[in-house]
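Step one of this worksheet: look at the structure below.
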Amino acid sequence: MPFRVDGVFMRVRASSERTEAVSRRRPCHTDGALAALEKLQPARCCVRRNSAWDGEVQAADLVPGDVVYLRVGDKVPADCRLLQLKTSAFSTDEAALTGESVTTSKDLDVVEDAKAPLADRSNIVFAGTVVTRGHATGVVVATGMSTQIGRVQAGVDAARADREKTPLAKKLDEFGSQLTLVIGGICAATFAASVPRFGSPVFGGNRLKGAAHYAKGAARLGVPSMRLASISR
């Protein structure tokens with residue numbers, strides 16, 4: 001019975017692609033912190049640019065030194081040090097950062113201790129918190145993952161990534177390693193068994209052309225994650 005090389009390629013390749021599809025369903029937390037942080041930030045904010053207030057500036061475009069205007073209902077776009085209170089009182093809801101259920105009053109008093117707890121930093125408003133009372137201006141001191149909420153999200157993401165893998169994840173890793181060895185062995189055996197066919201009339205007696213044909217088949221088998229259409233061209 002003739003040895004059906006192409007059939008072996010197709011069956012093993014299909015098995016590999018199914019395994020790859022299952023692996024893609026496993027959660028990936030590489031960008032988890034950034035994604036969570038984006039949900040906490042407003043899309044736009046009011047920033048002083050060119051000696052005028054611009055309320056359509058993308059929050060992601062803020063840099064340290066920008067002056068922002070904050071009012072009731074606004075999400076704070078970055079960590080800011082208050083410059084001026086426009087009303088007699090100003091407060092924010094910091095539940096997203098500290099878990100406190102009560103609002104926190106803010107003022108312009110300088111906090112000398114650089115390591116003071118977040119709740120004691122009365123002259124700082126934090127990214128992701130919400131203004132619950134008053135109007136004020138502040139200068140941006142930290143953005144993105146450098147903000148306090150960014151650091152919290154990064155810590156959560158790191159802890160999640162370091163967490164022990166589930167039994168399913170371990171089995172998938174083990175199966176993937178075994179499948180790699182099996183595919184490699186079948187690939188090598190198939191190529192070796194095809195050597196006598198290199199000079200087949202199908203290839204015009206050109207052994208080099210025949211070898212290239214079967215090598216391409218081996219590549220399809222060994223690299224199922226690549227787009228096979230580009231190899232076939």
Residues of the range 74-101 being more than 20 Å from G144 (Cα to Cα) and in contact with a helix residue (DSSP H, G or I) (Cβ under 9 Å, 6 or more places away or on another chain), in sequence order, are E100, S101
Give me the pairs: first residue in the range 57-71 and at positive phi, second residue crowded, with 18+ Cβ neighbours inside 10 Å and assigned to a strand (DSSP E or B), beta-carbon distance under 7 Å, and six or more apart or on different chains, which are they?
G65/V140
Can you say whether L85 is aliphatic (A, V, I, L, M), touching a His at 6+ places or on another chain (Cβ under 9 Å) and at pLDDT 90 or above, as far as the supplied structure shows?
yes
Just to check your reading of the model, which residue among G138, G128 is touching a Leu at 6+ places or on another chain (Cβ under 6 Å) and under 15 Å from G73 (Cα atoms)?
G128
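The values are calculated or read from the model by the stated rules, or taken from the named source; none is laboratory data. Since this is a predicted model, take the numbers as computed values, not measurements. A quick note on method: Cβ atoms are made from the backbone with ideal geometry, for glycine too, and the neighbour counts reach across all protein chains shown.
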